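Only one structure is covered here, and it is reproduced in the block below.
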Amino acid sequence: MAVSSMQAVNVIGLMNHIDEVITVLGESGVFHPDEVINFYPDVRDFTHLQTKNNYAEPLTNLKSVLNQTKRSFPLRDVSDFSPSFEELDSFSTTVTADIDALIDKREVCRAKLDEAEKNLSVCRHFSGLDVEIEKVIGMRYMKARFGRLPNDSIMKLEAYKDNEYVDFAVCTKDKTHSWGVYFAPKEELEEIDKIFDGLYFEPTDLVGDDETPGKKIEGYEKEIPLLKQQLKDAQAGLDKYIDDNYEQITRYLSKLEELYLYAGIRSKALQHNNSFIIVGWVPAENEKQLKSRLKKIRSVELDFSDAKGELDKNPPVKLKNCFLAMPFEFYTGMYGVPKYNEIDPTLFVAITYTIIFGIMFADLGQGFFLAIAGMLMWKLKKMPIGKILFPCGISSMVFGTVFGSVFGFEHVLDPMFKLFGFEEKPIEVMASQNINTIILGAIGLGVFLLIVAMFLNVYTSLRQKNVGRALFGTSGVAGFVFYGSLVFGLTAEIFLGIHVMTLPYILGLIVLPFLLIFFAEPLGDLVNGEEHWQPESWGGYIVENLFESIEVLLGYVTNTMSFLRVGAFVLVHAGMMLVVFVLAETVGGAGYWVVVVIGNALVMVLEALLVAIQVLRLEYYEMFSRFYSGEGKPFEPVKINLE
């Protein structure tokens, strides 16, 4: 639950060495460039070295045309390859033009083939017409319309039997449409067209070239194999060009990608007379290696400083977690990375999310399949959620064993429990005497996690030297005492029968902390050493905070009650599986197991989705909001991803 230590780095040198510096910074793969103005506010005498990335256009053009080939071009190490910009641009232009021409040839062949296959398909619907289509279409006094009608519309033609021209000659039929032709005199054509439009007639372009449809079909059947061979030859020509130039294309593409990224460093550098300055960040563990390489360049002066002393410059954050918590960086990143002096909640999320998910989705068999599904999602599709579902599935198996549930069968594990001295499983979820226990247990879990979140807020606030928030905030010491005392007092009075809500208890542990929360803003400014800590109007402050205090109180209640969903899903899971078994018993026979299998599959998919969302909601809205801002800047070093 930490972030990597960072070092701010300032590089100053002569202009004739800037390319060497940028190459070293880029090849390191650990340099995160920053704006010089963030480190040196007065840059009036400085100028930008470069505002446009010259490598963008040749790289974009080359990548665009290569994408159309459907071939893979993995990037490689090309540190030993140093072509000039002119050579790179010329290569990109030449290859782009060559491949474009080959692709155009292929697409022309494909277009001709598609058109021939479409025409063949249409002609086959009129194969029974032993007339030359062009002569029919070219009639002077009668006009013909070839096309298709929905089969339902054929029946509707009866409504127009009084009009001798509303007649449709059917040539062929398929499942949905009838294909054919209707005729109308030239002077009646507009009215007849409107009638057929209302019947959803779809005209078809049918050109016969003074041939019957049968003759045209014969022609297309001979032409299509030739067009397919032309398309195959065109694709072969493209493939041969790629194969012959593959190594060279890969080298130039890799170099363009590399220089394009390095130009991002150049765009942030500033020049003053014959000198340049570049600033940025590197992880502390990479400082020595980078320093040794940069010091080999003449004229370069370096300055490294610990990011802890540069917090006003908003250092980037690189998360550092153990392999068990690392998958949950996906959830942390969705909310936002921590500030440099803020704790990383990833480990907290990994532990709490996994446990709560397991409780809400407690089933040994379904948890096993969920873990397998998560592993496959990651291994086959590289989906980040897959690495999260795997430990969640394991947790579901653990709690499923505790609750004695295997694919919804609630007593399969009873023999195992007998080994521990139980007649059957100790926790019967659907038993009426256990429902209150499950609900209260969920609330108790929520209270515990909210208190942990408050402690994390106090710790974070002290790290950020915000003593006022640590002491008087709703999630600070005052908030912890108020919330903890209220929960403990009510629990003792209602459930334990112990009278603790005495007047001194209420005044000292509930009223006083609440007053500290009420006046948290001026008190916080006072202990933080702010000169103007008093509000402009105490009366206005009190009136305004009266309304805010209601929201604070409601926040404690709603945050706690939100954890009811944990217990509710335990009951929902058992209830859904009970419905599955009722349906299975209703079907009976061989259908019993079919219903059980399908029911389990549906419950797994639906409930896994709902539980994943609900637990994430608890993380973000009930816990994160108390101790985490997520307003940090992610560490994004200039780095080419070699394959």
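The values are calculated or read from the model by the stated rules, or taken from the named source; none is laboratory data. Given the structure is predicted, the values throughout are model-derived calculations rather than measurements. So basically every Cβ, Gly included, is an ideal-geometry build from the backbone, and we count neighbours across all protein chains shown. For the accessible areas, the whole protein counts, side chains as well, though only heavy atoms, and no ligand, DNA or RNA atoms are used. Shrake-Rupley method; radii C 1.70, N 1.55, O 1.52, S 1.80 Å.
Observations, loosely collected:
- For Y340, the conditions (1) open to solvent by less than 50 Å² (accessible area, probe 1.4 Å); (2) over 17 Å from R463 (Cβ atoms); (3) of a type in the set (S, T, Y) all hold with the exception of (2).
- Test: residue in the stretch 477-490 that is at pLDDT below 90, of a type outside the set (S, T, N, Q), out of contact with any helix residue (DSSP H, G or I) (no Cβ under 6 Å at 6 or more places or on another chain) and in a helix (DSSP H, G or I): no
- For the stretch 345-357, the criterion of being in contact with a strand residue (DSSP E or B) (Cβ under 7 Å, 6 or more places away or on another chain), of a type outside the set (S, T, Y) and buried (at least 21 other Cβ atoms within 10 Å of the Cβ) is satisfied by no residue at all.
- Just one of the listed residues (K215, K228, K173, K156) is modelled with pLDDT of 85 or more, closer than 30 Å to V108 by Cα and either open to solvent by 90 Å² or more (accessible area, probe 1.4 Å) or in contact with a Pro (Cβ under 9 Å, 6 or more places away or on another chain) (or both), and it is K228.
- Options K296, K291; residue that is touching a residue at least 12 places away in the same chain (Cβ under 8 Å) and open to solvent by 10 Å² or more (accessible area, probe 1.4 Å): K291
Yes/no per residue for (1) assigned to a helix (DSSP H, G or I); (2) in contact with a His (Cβ under 7 Å, 6 or more places away or on another chain); (3) at pLDDT 90 or above; (4) buried (at least 19 other Cβ atoms within 10 Å of the Cβ):
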| position | (1), (2), (3), (4) |
| --- | --- |
| G575 | yes, no, no, no |
| V580 | yes, no, yes, yes |
| V594 | yes, no, yes, no |
| V597 | yes, no, yes, no |
| V611 | yes, no, yes, yes |
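- Matching residues in the stretch 51-94 - criterion: being open to solvent by less than 30 Å² (accessible area, probe 1.4 Å), in contact with a Phe, Trp or Tyr (Cβ under 7 Å, 6 or more places away or on another chain) and assigned to a loop (DSSP other than H, G, I, E, B): none
- Counting only residues that are touching a strand residue (DSSP E or B) at 6+ places or on another chain (Cβ under 9 Å) and open to solvent by 10 Å² or more (accessible area, probe 1.4 Å), the stretch 358-367 holds 1 of them.
- Selected residue (only one of I242, I224, I192 is closer than 30 Å to V95 by Cα and among the β-branched types (V, I, T)): I242
- Some residue of the stretch 491-511 being touching a helix residue (DSSP H, G or I) at 6+ places or on another chain (Cβ under 7 Å) and in contact (Cβ under 8 Å) with a residue 24 or more places away in the chain: yes
- Just one of (1) surrounded by fewer than 16 Cβ atoms within 10 Å (Cβ to Cβ); (2) more than 15 Å from V21 (Cα to Cα); (3) more than 36 Å from the chain's Cα centre (by Cα) fails for Y241. It is (1).
- Counting residues in the stretch 613-625 that are assigned to a loop (DSSP other than H, G, I, E, B), in contact (Cβ under 8 Å) with a residue 24 or more places away in the chain and loosely packed, with under 14 Cβ neighbours inside 10 Å gives zero.
- Enumeration of residues in the stretch 18-50 that are assigned to a helix (DSSP H, G or I), open to solvent by 20 Å² or more (accessible area, probe 1.4 Å) and touching a residue at least 12 places away in the same chain (Cβ under 8 Å): E20, T23, E27, S28, N38
- Answer residue from the stretch 528-564, given it is touching a residue at least 12 places away in the same chain (Cβ under 8 Å), among the hydroxyl-bearing types (S, T, Y) and assigned to a helix (DSSP H, G or I) and is farthest from F448 (Cα to Cα) among those: Y541
- Test: residue in the stretch 456-475 that is among the aromatic types (F, W, Y), open to solvent by less than 60 Å² (accessible area, probe 1.4 Å) and either assigned to a helix (DSSP H, G or I) or in contact (Cβ under 8 Å) with a residue 24 or more places away in the chain (or both): yes
- Those helices (runs of 4 or more DSSP H) of the stretch 98-205 in which at least 3 residues are free of Cβ contacts under 8 Å to residues at least 40 places away in the same chain, considering only elements entirely within it, cover 151-156, 189-198.
- The stretch 300-324: number of residues that are hydrophobic (A, V, I, L, M, F, W, C), closer than 23 Å to L347 by Cα and in a loop (DSSP other than H, G, I, E, B): 3
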